[in-house]
Amino acid sequence: MTDEKDEKKAQDVSPQSLGGSARAESLSPEERTEIAAKAARARWGTDIPRATHSGKLTIGEMVFPCSVLSDGTRILTQSDFMAGMNMYYSGWIAKNKAKNESTAEIPHFLAFKSIEPFISKHLGDLQSVVVRYRTEKGSLAQGIKAVIIPKICEVWLDANEAGKLPKRQKQIAERAKVLMRALAHVAIEALVDEATGYQAIRERDALQKLLALYVNEELLPWTRRFPDEFYRQMFRLRNWHFSPTNKGPRYAGKLTNELIYERLPPGVLDELRRKNPRNEKGQRRHRHHQLLTEDIGNPHLEKQVASVTTLMRASPNWSFFKRLFIRAFPRQSGQTDWIEELGGIDDDES
């Protein structure tokens, strides 16, 4: 009997398999790694985003590892999301995989027969629920788009309200309720950004995009942006002598910054100062408005000049004007609180 088994085993071993085994044994560890990597690329594709920031998102007693990918997508790791929601891997999908090809595509966290009728209502065809990505260490992984999480919770909550969940799965619905309540106050992407430290980069990117809309790389030719009436009214309220050729005290430049330039989006005046620095004499070579964009920056400035001029015309004195101005243009974050006595001189503009 043993001889028959050995003969049968010998017949099952083909020359090709023997050659493959011999080749595998002759490969170096580096070569084997490269072959495995090629196989993974063939299976996953080559255009896979990578996690650039990772952290942990805590909501109540639940903890969800999360990441921001190189393409800006915020994700929660699939297996960790299931653990945080106290989910288990359902055997229902395995039983139905052979019967229904579409069932095989259902993510594990949705592979429960009890919630099947509610999935299409909130998640459609499931094409964009799961994201393939690489971790910061380079491992291949699957995650759930953070923006999809509320919809997943809706699936479980609807199933629970319809009385379709068994006792064990009702615990998942309870966690979905807690998660939804938390997300009702703070956007999920903002939570992920805070947990991963991506918030600072997001804010810096947003600022750069804003500055690109307002500030030019090159100077524009000088054009009068501040009409005489603007300074005529300012000088009247400050009891200064006005004439078109008289620039007045340097304090007028300080007021111009605070009434006009600081009411442009936060960061714009700082960028103008950076691009238009003072020379060795403490003077700026150009007017700030020569660096503002024609389509957005300067139209915003001219609108601000016109609005402030109107308020000054309507004011009998400086104190009255200040009250009108503060009501019309509340102070934004990072702007000077000029209600207090202004200090220092910054003769930038006219």
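So, Ser120, is that one of a type in the set (Ser, Thr, Tyr), open to solvent by 60 Å² or more (accessible area, probe 1.4 Å) and modelled with pLDDT of 80 or more or not? Judged against the criteria, Ser120 is not a match. Looking only at residues in region 134-164 that are of a type in the set (Val, Ile, Thr) and surrounded by fewer than 22 Cβ atoms within 10 Å (Cβ to Cβ), the one that is farthest from His53 (Cα to Cα) is Ile148.
The set of residues in region 210-232 being under 36 Å from the mean Cα position of the chain (by Cα) and either surrounded by 15 or more Cβ atoms within 10 Å (Cβ to Cβ) or not acidic (Asp, Glu) (or both) consists of Leu210, Leu211, Ala212, Leu213, Tyr214, Val215, Asn216, Leu219, Leu220, Arg225. Listed by first and then second residue, the pairs linking a residue in region 213-232 that is more than 20 Å from Asn276 (Cβ to Cβ) to a residue that is outside any helix (DSSP H, G or I), with Cβ atoms under 8 Å apart and 6 or more places separating them unless they lie on different chains, are Asp228/Pro244; Tyr231/Phe242; Tyr231/Gly248; Tyr231/Ser350; Arg232/Phe242.
Scanning region 276-296 for residues that are under 18 Å from Lys254 (Cβ atoms) and open to solvent by less than 10 Å² (accessible area, probe 1.4 Å) yields Asn276, His288, His289. For Gly267, indicate whether it is crowded, with 20+ Cβ neighbours inside 10 Å, under 35 Å from the mean Cα position of the chain (by Cα) and small (Gly, Ala, Ser). When the stated conditions are applied, Gly267 does not pass them.
Can you spot a residue in region 169-185 that is in contact with an Asp or Glu (Cβ under 6 Å, 6 or more places away or on another chain), without any contact (Cβ under 8 Å) to a residue 60 or more places away in the chain, within 21 Å of Gly55 (Cα to Cα) and assigned to a helix (DSSP H, G or I)? Checking region 169-185: not a single residue is in contact with an Asp or Glu (Cβ under 6 Å, 6 or more places away or on another chain), without any contact (Cβ under 8 Å) to a residue 60 or more places away in the chain, within 21 Å of Gly55 (Cα to Cα) and assigned to a helix (DSSP H, G or I). Looking at (1) within 30 Å of the chain's Cα centre (by Cα); (2) of a type in the set (Lys, Arg); (3) more than 12 Å from Val215 (Cβ to Cβ), which one does Lys275 not meet, given that it meets all the others? The failed condition is (3).
The values are calculated or read from the model by the stated rules, or taken from the named source; none is laboratory data. Computed from a predicted structure; not experimentally measured. Every residue, glycine among them, receives a Cβ derived from its backbone with ideal geometry; neighbour counts consider all protein chains shown. In case anyone asks, the SASA skips ligands and DNA or RNA and just uses the protein heavy atoms, side chains included. Shrake-Rupley method; radii C 1.70, N 1.55, O 1.52, S 1.80 Å.
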